[in-house]
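> Got a structure for you, questions after.
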Amino acid sequence: MVRRDRARPTNAREQTLTEQSVPKAPTLPDAQTVTHVKHWTDRLFSFRVTRPRSLRFRSGEFVMIGLMGDNGKPLLRAYSIASPSWADELEFYSIKVADGPLTSRLQHIQEGDQIILRPKPVGTLVLDALLPGKRLWMLATGTGIAPFASLMRDPETYEHYDEVIMMHTCREVAELEYGRQLIESLPADPLIGEFVGDKLRYYPTTTREESASMGRITDNLSSGKAFDDLGLARGMSPETDRAMVCGSLDFNMDVKAILEGYGLREGANSEPAEYVVEKAFVG
């Protein structure tokens with residue numbers, strides 16, 4: 001007589017034990033899939049992920065993203081959304097920190113991987129937090145350009161302002177590449193190009209490596225060099241100028257002092273004024 005191996009358990013208890021022994025693939029909460037990753041330097045990278053169907057945000061806002069920590073709990077940080085509010089995917093621009101709790105791991109993500117993304121956008125770098133004006137200054141250091149990458153690709157920005165000035169300062173030329181490529185592509189972009197026209201002006205500077213234009217944003221504003229280089233009258237006016245600031249805490253505080261010296265007041269979603277600062281950004 002030939003013995004036949006059983007293909008499956010013969011009772012409910014054995015069935016349950018078998019199912020319990022099969023490991024299940026871990027699923028991240030609020031998971032989104034990575035669709036693209038680009039490393040710009042050994043310290044900077046950008047990536048795109050799928051967009052939750054329920055997510056609605058204003059260009060310039062940020063969300064909490066991250067990975068699962070070793071303790072089994074989500075490890076999350078605030079990241080500005082670099083893509084505009086109309087985009088099908090969400091883009092982020094990040095620094096790499098070798099011993100950073102999150103970025104030490106996030107920098108190794110690849111296409112097809114999953115990250116956690118909490119679909120609750122917030123932030124102060126939004127057009128609604130500013131009073132109407134004629135000229136908008138976007139002032140950023142390092143990865144602080146991310147929310148402006150969103151705003152520069154939003155038609156509403158150019159509907160609100162006659163002139164938009166993107167001032168971006170990094171230590172080295174290569175660290176400016178993300179912003180440079182984005183800005184240079186906008187006039188020819190079939191979706192946004194006609195809105196941008198000649199309204200957007202780019203003023204990149206470096207602080208360590210020699211480049212065509214050097215100096216910190218604070219120094220170039222205080223000395224008047226930035227205005228001279230741009231062919232503008234020195235100073236800002238509360239009647240016409242608006243500003244958005246995104247950088248380190250020290251940078252934010254220094255720029256706030258300069259802006260308030262020109263008579264500009266800090267605004268918020270609940271009380272719009274002449275300038276706003278992103279307080280959640282760290283880098």
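> Let me check against my output: what whole-number percent is the relative contact order of segment 21-161, with C-alpha pairs under 8 Å and at least 6 apart? Present the calculation step by step, with values, prior to reporting the outcome.
Working: 259 pairs, mean separation 43.6, N = 141.
Relative contact order for segment 21-161 comes out at 31 percent.
> Now for a different question. Once you compute Rg and the Kirkwood Rh from C-alpha atoms, what is the Rg to Rh ratio for segment 169-215? Don't skip to the end; give the middle numbers.
Details: Rg = 12.5 Å, Rh = 11.6 Å.
With Rh from the inverse mean 1/r over Cα pairs, Rg/Rh is 1.07.
> If you don't mind, there's one more thing I want to ask. Please say if segment 234-283 is rounded, prolate or oblate, where rounded means a/c under 1.5 for a ≥ b ≥ c the square roots of the C-alpha gyration tensor eigenvalues, and otherwise the choice is prolate for a/b larger than b/c and oblate otherwise?
Details: a/c = 2.50, a/b = 1.35, b/c = 1.86.
It is oblate, given that a/c is not under 1.5 and a/b is not larger than b/c.
> Hey, another quick one. Which residue, His108, Ala98, Ser83, has the largest displacement toward the positive end of the dipole of segment 79-122 when charges sit on each Cβ (Lys, Arg +1; Asp, Glu -1)?
Final value for the positive-end residue is Ala98.
> Could you tell me the relative contact order of the chain? Use alpha-carbon pairs under 8 Å, at least six residues apart, and round to a whole percent. Spell out each step's value before the answer.
Details: 547 pairs, mean separation 50.8, N = 283.
Dividing the mean separation by the residue count of the chain yields 18 percent.
> OK, next. What are the trypsin sites (Lys or Arg not before Pro) within segment 102-207 that DSSP puts in a loop, where the Cβ has at most 13 other Cβ atoms within 10 Å? Numbers along the way, then the final one.
Values: sites: Arg105, Lys134, Arg135, Arg153, Arg171, Arg180, Lys199, Arg201; in loops: Lys134, Arg153, Arg171, Lys199.
When the trypsin sites (Lys or Arg not before Pro) of segment 102-207 are filtered for loop state and at most 13 Cβ neighbours within 10 Å, Lys134 remain.
> Within segment 210-261, which GluC sites (Glu not before Pro) sit in a loop by DSSP and count at most 14 neighbouring Cβ atoms inside 10 Å?
Numbers: sites: Glu210, Glu239, Glu260; in loops: Glu210, Glu239.
Passing sites in segment 210-261 are Glu210, Glu239.
> Taking the simple approach of a point 7 Å from Cα along Cα-to-Cβ for both Gln110 and Thr50, what is their distance in nm?
My value for the distance between the label points is 1.9 nm.
> Related question: Once the principal axes of the Cα atoms of the chain are found, what is the range along each, listed largest first in whole angstroms?
Taking max minus min along each principal axis of the Cα atoms, the chain gives 101, 38, 36 Å.
> Can you pull out the GluC sites (Glu not before Pro) in segment 68-163 whose DSSP state is coil and whose Cβ has at most 13 other Cβ atoms within 10 Å? Don't jump to the answer; show the numbers that get you there.
Numbers: sites: Glu89, Glu91, Glu111, Glu156, Glu159, Glu163; in loops: Glu111.
Answer in residue order: Glu111.
> A follow-up question, please. Whenever you get a sec, line up Val63, Val173 from highest to lowest accessible area (probe 1.4 Å, protein heavy atoms).
Details: Val63 0, Val173 60 Å².
The residues order as Val173, Val63, largest area first.
> Still on this structure: What whole-number value in Å² describes the accessible area per residue of the chain for a 1.4 Å probe? Spell out each step's value before the answer.
On the way: 14640 Å² over 283 residues.
Accessible area per residue: 52 Å².
> Percent of accessible area on segment 154-220 owned by carbon and sulfur, 1.4 Å probe?
Details: 1530 of 3310 Å².
Within segment 154-220, the accessible surface is 46 percent carbon and sulfur.
> Now a separate question. Using +1 on the beta carbon of Lys and Arg, -1 on that of Asp and Glu, and nothing else charged, what's the dipole of the chain about the Cα centre, debye to 20? Please report the intermediate quantities before stating the final value.
Working: 34 positive and 40 negative charges, 322 e Å.
That gives a dipole near 1540 debye.
> Another question, then. On a 1.4 Å probe surface of the protein chains, which of Asp228, Asp189 comes out largest in accessible area, and what is the full order?
Working: Asp228 85, Asp189 50 Å².
My answer, sorted largest first, is Asp228, Asp189.
> Taking square-rooted eigenvalues a ≥ b ≥ c of the alpha carbon gyration tensor, is segment 166-252 rounded, prolate or oblate, where a/c under 1.5 means rounded and, failing that, a/b exceeding b/c means prolate?
Details: a/c = 1.74, a/b = 1.16, b/c = 1.50.
Oblate.
> Another question, then. Which of rounded, prolate or oblate describes segment 127-283 when judged by the alpha-carbon gyration tensor and an a/c cut-off of 1.5? Intermediate values should be presented prior to the final figure.
Details: a/c = 1.35, a/b = 1.03, b/c = 1.31.
Judged from the Cα gyration tensor, segment 127-283 comes out rounded (a/c under 1.5).
> Which one of Ser54, Gly69, Thr206 has its Cα pushed farthest toward the positive end of the charge dipole of the chain, where Lys and Arg give +1 and Asp and Glu give -1 at the Cβ?
Ranked along the dipole, the leading option is Gly69.
> Per residue of segment 189-204, what does 6.51 cos²θ - 1.76 cosθ + 1.60 with θ = phi - 60° give for ³J(HN,Hα)? Whole Hz please, x for Gly and Pro, Karplus curve as stated.
5, x, 8, 10, x, 5, 6, 5, x, 10, 6, 8, 10, 10, 10, x
> Evaluate the relative contact order of segment 141-275 (contact order divided by residue number), counting alpha-carbon pairs under 8 angstrom at least 6 apart; express in whole percent. Spell out each step's value before the answer.
Numbers: 158 pairs, mean separation 29.1, N = 135.
22 percent.
> Helix-derived [θ] at 222 nm for the chain: sum -39500 (n - 2.57) over DSSP H runs of at least 4, divide by residue count, nearest 500? Spell out each step's value before the answer.
On the way: 9 runs with 65 residues, N = 283.
Computed ellipticity for the chain at 222 nm equals -6000 deg cm²/dmol.
> Dipole of segment 184-283, Cα-centred, from +1 at each Lys and Arg C-beta and -1 at each Asp and Glu C-beta, to the nearest 20 debye? Walk me through the numbers on the way to the answer.
Numbers: 10 positive and 18 negative charges, 34 e Å.
Approximately 160 debye in magnitude.
The values are calculated or read from the model by the stated rules, or taken from the named source; none is laboratory data. Note that the structure is a prediction, hence the values are computed from the model and not measured. Cβ coordinates were reconstructed from backbone atoms using ideal geometry, including for glycine residues, and neighbour counts include every protein chain displayed. Quick note on the areas: whole protein, heavy atoms, side chains included, nothing else; ligands and nucleic acids left out. Shrake-Rupley method; radii C 1.70, N 1.55, O 1.52, S 1.80 Å.
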